[in-house]
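Chemist: Provided herewith is a single structure, encoded as structure tokens, for subsequent inquiry.
Since every read-out is calculated from the coordinates, none of them should be taken as a lab result. If you're wondering where the values come from, they're calculated on a predicted model, not measured in any experiment. Here Cβ is always computed from backbone atoms with ideal geometry, including for glycine, and neighbour counts include all displayed protein chains.
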Amino acid sequence: MRACMLDRKAKNARIWGLKRYIMESFDAVQYTKYNELSRARLCYLSGPTQYYLENTLLLAIVKRTEPYVCNTKIKEYLEARGIVVSVGSACNTASAKASHVLYAMGADQYIRKGAIRVSLGDFTTLSDVKKFIEVFREAAAAQGVKL
């Protein structure tokens, strides 16, 4: 526990920088602005507000036409390439149903279908993040969405 908390403020700042790097690497919109748009390819739901975790990013690939995006396929694509993400909330990872948090936020079915949660850790590197971005773009393309 002590090792984890040692230099926590500096670690959180570094992790927040990696999270921001991911967010700035995509032409994404924040969820609150998503509702004002007719369509969006990617939105993020856990951006810079006063209530956020430095290490967690909830991304959703949005596609309003069939075939719809399937976050489970995105997860499988990423995992086959060594990147582990989640498609549920941390307290509900065994369920195939979308996170109750997404329902509480009023996220529509298109967001829920394409949502993944990315968690960054103390040992996540910029190289790891760049690999995630590259492979996530490939996973989106496999779903018919260019990011």
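Chemist: Please find the FRET efficiency linking C4 to E138, where r is the Cβ-Cβ separation and R0 is fixed at 35 Å, and quote it to the nearest 0.05. Kindly include the intermediate steps, with their values, before the conclusion.
Modeler: Working: r = 33 Å, r/R0 = 0.94.
So, using R0 = 35 Å, E works out to roughly 0.60.
Chemist: Report, ordered by chain and residue number, the aspartates and glutamates lying within cross-link reach of K75, taken as a straight Cα distance under 13 Å and ignoring same-chain residues fewer than 8 apart.
Modeler: The reachable aspartates and glutamates, counting only those whose Cα sits under 13 Å from K75, are E138.
Chemist: At a 10 angstrom cut-off on C-beta neighbours, averaged per residue, how do the peptides 79-86, 114-121 rank from highest to lowest? Could the numbers behind the result be given before it?
Modeler: Values: 79-86: 13.5, 114-121: 20.1.
Highest mean packing first, the order is 114-121, 79-86.
Chemist: What ³J(HN,Hα) values, in whole Hz, does the Karplus curve 6.51 cos²θ - 1.76 cosθ + 1.60 give for the stretch 2-8 when θ = phi - 60°, with x put for Gly and Pro?
Modeler: In residue order, the calculated couplings are 4, 4, 5, 8, 4, 6, 4 Hz.
Chemist: For the stretch 113-120, what does the Karplus curve 6.51 cos²θ - 1.76 cosθ + 1.60, with θ = phi - 60°, yield as ³J(HN,Hα) per residue in whole Hz, taken in order and with x for Gly and Pro?
Modeler: 5, x, 7, 9, 10, 10, 10, 9
Chemist: I've got another one for you. For L53 paired with T125, estimate the spin-label separation in nm (one decimal), with each label point 7 Å from Cα along the Cα-to-Cβ line.
Modeler: Result: 2.4 nm between the two label points.
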